[in-house]
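Just so it is clear, none of the values below were taken in a lab; they were calculated from the coordinates. What you are looking at is a predicted structure, and each value in this text was computed from that prediction instead of being measured. Here the Cβ is made from the backbone with ideal geometry for all residues, glycine too, and neighbour counts use every protein chain on show.
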Amino acid sequence: MTRNIISVDLDSCVGCHSCAVVCKQENDVNLGIYYNKVLTVGPTGTFPDLEMYYLPVACQHCDNPQCVSVCPTNASYKREDGIVLVDHSKCIGCQYCIMACPYGVRAYDESPNKGVIEKCTMCAHLVDAGDKPACVKICPGQARKFGDLEDPSSDPAQMSAAKNTHKLVDVGNGPGVEYGLDRFTWRGEE
Amino acid sequence: MEIQWPLLVFSVLLGISSGIYVFNGIGEVKNVFKEVRFKGALIALILLAIGGCASVLHLGHPERATHLLANIGSGLSMELIAVGLLGVTGFIYLFLAKRANTASKVLGVITALLGLALPCITGSSFMMAARPAWDSITLPLLYLGAGLAAGFLLMAALVVLGPKGKEEGKFALMLALIGVLLMVVTVIAYLIWVAVAPHQAPERSLSRLVSGDLALMFWAGVVLIGLVVPAGIALWARTKIAKTSNAEGAALKAKGSLAGALIIACICAVAGSAILRSIVYLIGTSVEQFIY
């Protein structure tokens with residue numbers, strides 16, 4: 001079964017925020033709303049053994065998305081290819097899914113013509129047209145990898161095989177995004 | 001997370017409503033409180049309706065409510081069903097409350113059981129692994145305890161003011177005291193959970209309540225106003241009515257002050273539970289608060 005995901009090679013991420021910017025452009029995201037943010041982890045350690053890396057965070061397109069199970073209208077749903085989306089025509093803006101998300105990656109857009117929940121769509125509109133998500137295409141360090149994790153020849157699968165990978169803390173939701181990190185110590189809770 | 005005021009108002013009002021229904025249900029089973037059941041049922045239904053309307057203010061698109069039962073397993077859907085059931089049965093009970101027959105007893109017990117269930121369903125809809133400070137059975141119990149305390153105190157005031165204040169006041173105040181004690185126990189249980197919850201972090205720690213930025217809200221709002229005052233008044237009232245109910249004239253004089261004190265206790269219990277619910281929101285941070 002296809003399992004589309006965006007994995008991130010943190011050893012290649014330079015923290016330029018291009019992914020965050022292009023995401024806003026591609027998806028016409030309103031002011032104050034973020035689908036993707038690039039966090040700075042560190043500096044940690046004691047000079048001269050200092051470490052710092054960048055952590056791009058967006059929807060993890062979880063294997064067992066809690067946002068989907070709590071949604072009273074089934075507006076939040078997981079596609080067969082693994083992408084978690086929100087059907088805005090059904091979303092009542094109850095924000096229950098925001099509460100259920102362990103990572104705070106969903107947002108309630110309260111602008112007059114919205115009143116619904118917004119989040120990373122993995123650029124499903126581009127993926128469906130055979131293209132890659134905008135953040136993957138723009139990344140100057142080629143740190144972002146898009147593909148079917150079940151396909152050994154895909155970029156995410158190859159990164160997973162070649163590097164130490166980590167995921168965000170799992171509270172039963174099964175985050176999908178893998179972060180490759182060999183150069184530094186992963187500082188997240190696992 | 002930010003305090004969701006419409007949901008807070010909804011949960012507090014439905015709690016009081018539930019407490020009233022449970023009180024009435026006990027009265028139906030014990031064949032007491034007949035004179036106040038209708039008033040109580042009316043107040044409960046009005047509070048439930050106002051709370052329901054408040055919750056709608058939280059939605060971005062309430063007109064899409066037709067989709068609301070698409071996922072019955074969702075906590076929100078279960079909440080909606082429970083509110084609907086209590087609303088319908090509560091409305092029917094209004095017509096039976098004064099009759100004191102089998103039908104009123106049956107409906108009284110049904111609304112009481114729904115009254116016990118509804119705060120638990122509402123509280124459990126917030127139980128989610130993503131927010132460790134909420135992910136415990138102590139949260140729905142907190143909702144239940146607060147509702148019973150407020151509802152019982154209000155109804156006890158009505159009983160004391162009613163024609164059978166002397167005969168039924170002792171029992172009513174015993175129930176009020178039990179309600180307040182349940183509130184105290186459930187608050188303590190929740191605080192214990194906050195202290196031992198997994199994924200401890202400063203923004204959702206007990207120390208934030210006890211000595212941090214939420215200390216004033218906690219000690220003044222929750223402990224003093226929300227627990228100590230109602231408990232003190234309930235104890236005092238129970239003692240007072242036990243002394244005066246045997247004396248012919250004294251019970252009549254005590255009515256006004258007793259009822260007034262009980263109303264104050266109810267208001268304090270409601271205020272305290274609202275403040276505690278605000279705190280619950282503020283410490284309800286997600287396991288990893290990345291973007292928001």
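Quick one: what are the phi-derived ³J(HN,Hα) couplings along the range A:179-185, Karplus 6.51/-1.76/1.60 with θ = phi - 60°, whole Hz, x for glycine and proline?
Values, residue by residue: 10, x, 8, 10, 6, 10, 8 Hz.
Binning at 5 Å from 0, report for the range A:1-155 what percent of all alpha-carbon pair distances ends up in each bin.
2, 9, 17, 20, 20, 15, 9, 5, 2, 1, 0
Please report the relative contact order for chain B, taking Cα pairs under 8 Å with a sequence separation of at least 6, and give it as a percent rounded to a whole number.
Relative contact order comes out at 24 percent.
Extending each Cα 7 Å along its Cβ direction at residue B:236 and residue B:264, get the distance between those two points in nm, one decimal.
A separation of 0.6 nm, rounded to one decimal place.
Calculated from DSSP H runs of 4 or more alone, at -39500 (n - 2.57) each and per residue, what is the 222 nm mean residue ellipticity of chain A, nearest 500?
Value at 222 nm, helices only: -4500 deg cm²/dmol.
How large is the translational diffusion coefficient of the protein assembly as shown in µm² per second when you combine the Kirkwood radius over alpha carbon pairs with Stokes-Einstein at 10 °C and 1.306 mPa s?
D, rounded to a whole number, is 64 µm²/s.
So what is the relative contact order for the range B:1-97, in percent, with contacts set as C-alpha pairs under 8 Å and at least six apart?
Contact order relative to length: 36 percent.
Roughly how many Å is it from the Cα centre of the range B:211-234 to that of the range A:25-39, as a whole number?
A separation of 41 Å, based on Cα centres.
If all Cα-Cα distances of the range B:139-292 are sorted into 10 Å bins from 0 onward, what percent lands in each bin, rounded to whole numbers?
In whole percents, the pair-distance histogram is 12, 37, 25, 15, 8, 3, 0.
Of all the C-alpha pairs in the range B:77-176, what % are more than 18 Å from each other?
Pairs farther apart than 18 Å: 60 percent.
Could you tell me how many cubic angstrom of Cα convex hull volume chain B has per residue?
Numbers: hull volume 35.2 nm³, N = 292.
Here the figure is 120 Å³ per residue.
What cysteines in chain A have no other cysteine with a beta carbon less than 4.7 Å from their beta carbon?
A:13, A:16, A:23, A:62, A:71, A:91, A:94, A:101, A:123, A:139
What is the Cα centroid distance between the range B:260-283 and the range B:29-84, reported in whole angstrom?
A separation of 20 Å, based on Cα centres.
Taking just the C-alpha trace of the range B:1-114, give me its Rg and Dmax in Å.
15.3, 48
Over the range A:124-164, what is the relative contact order in whole percent, taking alpha-carbon pairs under 8 Å and six or more residues apart? Intermediate results must be reported in sequence, preceding the final value.
Values: 30 pairs, mean separation 8.4, N = 41.
Over the range A:124-164, the number comes to 20 percent.
For the residue pair residue A:25 and residue B:92, what label-to-label distance in nm results when each label sits 7 Å from Cα along the Cα-to-beta-carbon direction?
In this crude spin-label approximation the distance works out to 6.2 nm.
With the cut-off at 1.5 for a/c, could you classify the range A:85-190 from its C-alpha gyration tensor as rounded, prolate or oblate?
Oblate, since a/c reaches 1.5 and b/c is not below a/b.
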